[in-house]
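Novice: Quick one: this structure, given as structure tokens, is what I'll be asking you about.
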Amino acid sequence: MRQAGRALPEYRRVRGDEGLLESLMRPDLAVEVTLQPVRRYGVDAAIVFSDIVVPPAATGFGVDIKSGVGPVVEKPFRSAADLERVRPFDVEADAPWLIETVRILARELTIPLIGFAGAPFTVASYLIEGRPSRDYVQTKTLMLADTALWLALLDRLADQAIASAEAQIAAGAQAVQLFDSWAGALDPATYERFVLPATTKVLAALASSGVPLIYFGVGTGELIGMIPGAGATVVGVDWRVPLGVARERTGGSVALQGNLDPAFCVAGWEAAAPAALRILHEARDSGVDGHIFNLGHGVMPETDPDVLARIVDLVHSFERSR
Ligand code: 1CP
């Protein structure tokens, strides 16, 4: 969960003034940034340094990542005429640097590498809103006012996510995480009708690869019951849902990932350590079948990296003492 990035002084050093998208296009830099948290924290898996808006950016939709803001779109998606701007993602031709980055990482790492893609809903929300949003009102309006266009957009974004994830798996990624960070903006019935088909399309297409498929969202506690049926083998849970409750909602058939509140790590070791222990005990005591300890969302830039290093040690010693 954003284990690379601004919390690390070595990240800020190598990034310098280079734009984020430009950095991702340089395999030497993307590899180095991916490895930094592995060296510092001793985590059990690495996640490739990329971004969920890479497919639209690399296929010419007109996306930039503005420092301090996030993804920004010059001409947001508004009408059927914009559909042709969401063309198939030919990863070899459009983003050879992504493949190169994953290849080098797969060769150099002694721990698993997680590839990733943005889920159709969350990527659509950036293309439609044009920038990070709080209420997703334009996204929901398009969804409801022009449902055929919405479904066509999601279908194309599903194809881009599949292409991206398949290319990363072919280059050596050993798991894939599908980031649907903002799906929690929807009620379950709306998610099921307008989004679940596209989510399912992505997960079903990747099933034959045999790698673990992690589905992650924030505030998705009311949605997670649908996710095992959609084909995920691991369900990410933010801090709002106790793991025992998440286990009940997902039917016990999948592994769970999470779910320490990243703000607790900013608050410091005294706050984070008991919360991490509580989560580890909860997973064990409620019989969660496979628990990947993680934060419930991304590392915040103001986090002291030493707190994260100590959390990793705490999780490892808990695991050893079982
Ligand atoms: O210049 C910078 O350092 C800007 C911060 C940053 C970083 C470090 C952005 C802009 N993207 C990234 C890399 C990134 N993005 C990773 C790297 C690997 C790691 O985890 O270490 C990953 C997995 C992502 C995925 C991503 N991008 C998500 C899903 C995860 C999440 O945080 O919810 C989302 C929503 C994005 C969009 C995005 N890109 C960047 C920002 C600041 C945002 C979020 C903006 C918003 O609030 O909507």
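A short reminder: the numbers here are calculations on the coordinates, not readings from a lab. Keep in mind it's a predicted model, so treat the numbers as computed, not measured. Here the Cβ positions follow ideal geometry from the backbone for every residue, glycine too, while neighbour counts run over all protein chains shown.
Novice: Among Phe116, Gly225, Ile311, which residue has its Cα furthest toward the positive end of the charge dipole of the chain, with +1 on Lys/Arg Cβ and -1 on Asp/Glu Cβ?
Specialist: The residue sitting most towards the positive pole is Ile311.
Novice: What percent of all Cα-Cα pairs in the range 205-297 falls in each 10 Å bin, counting up from 0?
Specialist: 18, 50, 26, 6, 0
Novice: Let me ask something additional. Full extension from Glu302 to Arg240: what is 0.36 nm times the residue separation minus their Cα-Cα distance, to one decimal in nm?
Specialist: Values: separation 62, 0.36 × 62 = 22.32 nm, distance 2.14 nm.
Extra length from Glu302 to Arg240 when fully extended: 20.2 nm.
Novice: Bin all alpha-carbon pair distances of the chain at 10 Å intervals from 0 and give each bin's fraction as a whole percent.
Specialist: 6, 27, 36, 25, 6, 0
Novice: Nearest 5 is fine: what % of DSSP beta bridges in the chain come out antiparallel, could you say?
Specialist: 15
Novice: Quick check on the chain: helices-only [θ] at 222 nm, where DSSP H runs of length 4 and up contribute -39,500 (n - 2.57) each and the sum goes over total residues. Nearest 500, please.
Specialist: -15000 deg cm²/dmol
Novice: Also, I was wondering about something else. Modelling each spin label as a point 7 Å along the Cα-to-Cβ direction, I'd like the Asp28/Asp187 distance in nm, to one decimal.
Specialist: Output for this residue pair reads 5.5 nm.
Novice: Would you mind computing, in nm to one decimal, how far apart the modelled labels at Ser67 and Ala170 are, each placed 7 Å from Cα along Cα→Cβ?
Specialist: 3.6
Novice: Continuing with this model, one more query. Can you give the FRET efficiency to the nearest 0.05 for Ser321 and Ala271, using r as the Cβ-Cβ distance and R₀ = 25 Å?
Specialist: Taking R0 as 25 Å, the efficiency between Ser321 and Ala271 is 0.65.
Novice: What ranking do 115-126, 19-30, 225-236 get when scored by the average of other Cβ atoms within 10 Å per residue, highest first?
Specialist: My ranking of the peptides, most packed first, is 115-126, 225-236, 19-30.
Novice: Applying 1/(1 + (r/R0)^6) with R0 = 22 Å to the Cβ-Cβ distance of Asp313 and Asp285, what FRET efficiency is obtained, to the nearest 0.05?
Specialist: On the way: r = 22 Å, r/R0 = 1.00.
E(calc), rounded to 0.05, equals 0.50.
Novice: Can you give the extra length, in nm with one decimal, that the chain gains between Ser79 and Arg278 once fully stretched, where that is 0.36 nm per residue apart less the Cα-Cα distance?
Specialist: So the chain would gain 66.8 nm between Ser79 and Arg278.
Novice: Run the numbers for Arg13 and Thr110: contour at 0.36 nm per residue of separation, minus the present Cα-Cα distance, in nm. Please report the intermediate quantities before stating the final value.
Specialist: Details: separation 97, 0.36 × 97 = 34.92 nm, distance 2.49 nm.
This chain segment gains 32.4 nm when fully extended.
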